[in-house]
Amino acid sequence: MSSTRAAGAAPALAQRSELFSTSGTARARAAAKAAAASGQEIIDLSAGEIWADFPDAVREGALAAITKGVSRYTDTIGLLPLRAAIAQRLSEDSGQRWEAEEIAVTAGAKQALFNTAMLLFDPGSEVIIPRPYWTTFPAQVALAGAKPVFVDSAASGYVPRPDLIEACLSARTRAIIINTPNNPTGAVYDRSCLRGLAEIALKHRLWIILDSCYAGFIHEPGGAEHLLAVVPEVRPLTVVVNAFSKQLAMTGWRLGYMAAPARLVGAVKALQSHTTSNPNVIAQHAVLNYLRQGDRAYERELQDLLLENRRQGLEILSRLEQVRAARAQGGFYFYLDVSPLLTVKGSRFQDAEAVAAQLLTSTGVATVPGSAFGDLSGLRLSYGLPTDDLKRALTRVVTALNAIGRSPALLRAAQ
Ligand code: PLP
């Protein structure tokens, strides 16, 4: 057999490998780590996780399972009692009754979203994603051979406008991916937005993929309404994705779930049987123990910590002169629009990536530039860290951004 490959050259990777690169958030975290390793004192506002310790009930559940010698495969989509406990909890949160057969337990929300992309999108399908978006949504859509269609939400306070979404539909549109409370913007979609989106889905027979990973963190009075409580009829078209990663401050344990029509859950079971099999068994027992206690005291405490961080953080950010901070209604991210610094006469900053790099070198504060979220003028700052560190970091950020805004040319001369 003749070959055109150079002798010794490795065969090419699949074309699929070119559809995505390391996520922008992971890159930002790596930059923060590299700066810290070089000896710089870094306050890291780039992480997508909360510094708090995870619940005792999770620890106890894990230790008990290990002591009992639990070590075998479970059902591919999770232990039945865990699926039942998740169904019970989702029933409380969504105002709809859920059964275990509608729940699949996954290795974090990421796997739930990946399953969804693989099972709902065909090559050539179009999928609506409000922008700024969480960095993994378009990557997974592309992996499924489908096409992300972005609809900008900045002009409406980062809450997408249903009429703009409807204007982007085509015969190929298969789904709308929404994430509320939103990463990166902190926006919480209001009732009229949810109603509008559900009506579009019903009218055009589209799936709604609802990523509610931050649903436990709502910071404005009145709370947030669940899509399915607002429009129950949209349930057969909805996939709810969630995880314990953020809610119980246990990102590394990798436990999430999806709630969907039983037919889709059946397909997920088959898919996971060929990909990862069951999620880690110890993590499953750990979370089951937590859910069985039925007491949300830990979550309330975490919410209170974040609420206080948000309050103090917004107070510091209110001193920003040119840059605008979003309301941070939910989740644990502040989101800044730095476009006034990019457009001011004499600015040497082309985009938020340059601003983030400047902040890292001049203030030692690591942030995530909006390029990770499809927004060249955004900057995401996590407030899921100890209050004193947060205050110190934000004070430095405000001083630096105000200085840039006041005299960008001077800053250039000083470089
Ligand atoms: N969805 C959103 C909106 C996220 O921000 C994240 C993590 O940052 C995930 C899903 C993934 O969560 P997990 O770590 O449970 O896979």
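The values are calculated or read from the model by the stated rules, or taken from the named source; none is laboratory data. Since we're looking at a predicted model, the values are computed, not measured. Reconstructed Cβ throughout: ideal geometry from the backbone, glycine too, with neighbour counts over all protein chains shown. Side chains included, ligands, DNA and RNA excluded: accessible areas come from the protein's heavy atoms. Shrake-Rupley method; radii C 1.70, N 1.55, O 1.52, S 1.80 Å.
For region 223-231, indicate whether the set of residues that are closer than 30 Å to Arg16 by Cα, touching a residue at least 24 places away in the same chain (Cβ under 8 Å) and open to solvent by 40 Å² or more (accessible area, probe 1.4 Å) is non-empty.
The answer is no, given that none of the residues of region 223-231 is closer than 30 Å to Arg16 by Cα, touching a residue at least 24 places away in the same chain (Cβ under 8 Å) and open to solvent by 40 Å² or more (accessible area, probe 1.4 Å).
Out of region 261-300, which residues are among the hydroxyl-bearing types (Ser, Thr, Tyr) and out of contact with any helix residue (DSSP H, G or I) (no Cβ under 9 Å at 6 or more places or on another chain)?
Correct list: Ser273, Ser277.
For Ala286, are the conditions met, namely being more than 14 Å from the ligand (Cβ to nearest atom) and open to solvent by 10 Å² or more (accessible area, probe 1.4 Å)?
Numbers: more than 14 Å from the ligand (Cβ to nearest atom): yes; open to solvent by 10 Å² or more (accessible area, probe 1.4 Å): no.
Against the criterion (more than 14 Å from the ligand (Cβ to nearest atom) and open to solvent by 10 Å² or more (accessible area, probe 1.4 Å)), Ala286 does not qualify.
So the check is Cβ under 7 Å with 6+ separation or different chains; which pairs have a first residue in region 86-115 that's open to solvent by 30 Å² or more (accessible area, probe 1.4 Å) and a second one that's within 16 Å of the ligand (Cβ to nearest atom) and part of a helix (DSSP H, G or I)?
Lys110/Thr136; Phe114/Gln140
Residues of region 71-85 being at negative phi and surrounded by 15 or more Cβ atoms within 10 Å (Cβ to Cβ), which ones?
Correct list: Thr74, Asp75, Thr76, Ile77, Leu79, Leu82, Arg83, Ala84, Ala85.
Could you list, in sequence order, the residues of region 107-126 that are within 15 Å of the ligand (Cβ to nearest atom) and closer than 24 Å to Ser170 by Cα?
Of everything in region 107-126, those that are within 15 Å of the ligand (Cβ to nearest atom) and closer than 24 Å to Ser170 by Cα turn out to be Leu113, Phe114, Asn115, Thr116, Ala117.
If we scan region 148-156, do we find a residue that is touching a helix residue (DSSP H, G or I) at 6+ places or on another chain (Cβ under 6 Å), more than 13 Å from Met258 (Cβ to Cβ), among the charged types (D, E, K, R) and more than 16 Å from the ligand (Cβ to nearest atom)?
No, region 148-156 contains no residue that is touching a helix residue (DSSP H, G or I) at 6+ places or on another chain (Cβ under 6 Å), more than 13 Å from Met258 (Cβ to Cβ), among the charged types (D, E, K, R) and more than 16 Å from the ligand (Cβ to nearest atom).
I'm trying to understand the selection: among the residues of region 11-31, which are over 19 Å from Lys147 (Cα atoms) and either more than 16 Å from the ligand (Cβ to nearest atom) or touching a Pro at 6+ places or on another chain (Cβ under 8 Å) (or both)?
Those that are over 19 Å from Lys147 (Cα atoms) and either more than 16 Å from the ligand (Cβ to nearest atom) or touching a Pro at 6+ places or on another chain (Cβ under 8 Å) (or both): Pro11, Ala12, Leu13, Gly24, Ala28, Ala31.
Would you please name the residue that is farthest from the chain's Cα centre (by Cα), looking only at residues in region 44-58 that are closer than 25 Å to Tyr335 by Cβ and in a loop (DSSP other than H, G, I, E, B)?
The residue in question is Ala52.
May I ask you to say which residue of Arg296, Arg292 is among the basic types (Lys, Arg), surrounded by fewer than 19 Cβ atoms within 10 Å (Cβ to Cβ) and free of Cβ contacts under 8 Å to residues at least 24 places away in the same chain?
Arg296
Looking at the structure I just gave you, is Ser347 farther than 17 Å from Ser46 by Cα, open to solvent by less than 40 Å² (accessible area, probe 1.4 Å) and free of Cβ contacts under 8 Å to residues at least 60 places away in the same chain?
When the stated conditions are applied, Ser347 does not pass them.
Can you run down the residue pairs with Cβ atoms below 9 Å, 6 or more apart or on separate chains, where the first is in region 27-39 and touching a residue at least 60 places away in the same chain (Cβ under 8 Å) and the partner is assigned to a helix (DSSP H, G or I) and open to solvent by 50 Å² or more (accessible area, probe 1.4 Å)?
Ala31/Ala357; Ala35/Thr361
So, of the residues in region 44-69 that are under 27 Å from Lys269 (Cα atoms) and surrounded by 15 or more Cβ atoms within 10 Å (Cβ to Cβ), which turns out to be farthest from the ligand (Cβ to nearest atom)?
Here the answer is Ala65.
Within region 187-240, take every residue that is of a type in the set (Phe, Trp, Tyr) and assigned to a loop (DSSP other than H, G, I, E, B) and give me the one that is farthest from the ligand (Cβ to nearest atom).
Tyr189
Could you run through region 116-127 and say how many residues are touching a residue at least 24 places away in the same chain (Cβ under 8 Å) and more than 14 Å from Val239 (Cβ to Cβ)?
Count: 4.
Could you tell me which of the residues Arg131, Arg174 is open to solvent by 30 Å² or more (accessible area, probe 1.4 Å), in contact (Cβ under 8 Å) with a residue 24 or more places away in the chain, within 14 Å of the ligand (Cβ to nearest atom) and under 24 Å from Leu202 (Cβ atoms)?
Going through Arg131, Arg174 in turn, the sole match is Arg131.
Determine which member of the set Ala243, Ala187 is open to solvent by less than 50 Å² (accessible area, probe 1.4 Å), closer than 15 Å to Gln111 by Cα and among the aliphatic types (A, V, I, L, M). Break it down stepwise before answering.
Working: Ala187 fails: closer than 15 Å to Gln111 by Cα.
On inspection, the qualifying residue turns out to be Ala243.
Being more than 23 Å from Glu18 (Cα to Cα) and not hydroxyl-bearing (Ser, Thr, Tyr), is that true of even one residue in region 113-127? Steps first, answer last, please.
Narrowing region 113-127 to residues more than 23 Å from Glu18 (Cα to Cα): none.
The answer is no, given that none of the residues of region 113-127 is more than 23 Å from Glu18 (Cα to Cα) and not hydroxyl-bearing (Ser, Thr, Tyr).
Identify, from the list Leu210, Leu206, the residue that is open to solvent by less than 20 Å² (accessible area, probe 1.4 Å), of a type outside the set (Lys, Arg) and under 19 Å from Asp93 (Cβ atoms).
Details: Leu206 fails: under 19 Å from Asp93 (Cβ atoms).
Being open to solvent by less than 20 Å² (accessible area, probe 1.4 Å), of a type outside the set (Lys, Arg) and under 19 Å from Asp93 (Cβ atoms) holds for just one of Leu210, Leu206, which is Leu210.
Is it true that Glu41 is outside any loop (DSSP other than H, G, I, E, B) and either at pLDDT 85 or above or outside the structural domain of Ser382 (by TED's automatic domain parsing) (or both)?
no
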